[in-house]
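Quick one: the structure is below, and I'll ask about it shortly.
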């Protein structure tokens, strides 16, 4: 009978350890999930900030490359004098080049 009493004591201790380990494992998993959610939240906030900065940069690029800005720049664009314009006539037949698919040896 004493042998059974010692065996039941060992089972009780093992069950108690199993319960404690499962409680700590559950708490650790929950804290890991919460930590991951905080990191995810920070990354989403960073993504929002980067998208906002990207929109600002795209708008700035559009304003810098717009024709209104080019026209209002310090460069004066004037029409050329008609007497100084040269017209070049090109024969389209001289532009055609022949292509050979034969390999030379």
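Hey, rough spin-label estimate for residue 19 and residue 61, points 7 angstrom out along Cα→Cβ, what's it come to in nanometres?
It works out to 6.4 nm between the two label points.
Measuring from label point to label point, each 7 Å out along Cα→Cβ, what is the residue 11 to residue 47 span in nm?
About 5.2 nm separates the two model spin labels.
Read the figures in this text as sums done on the coordinates, not as results from a lab. As the structure is a prediction and not an experimental result, all values here were calculated from the model. Note that we place each Cβ from the backbone using ideal geometry, even for glycine, and neighbour counts take in every protein chain shown.
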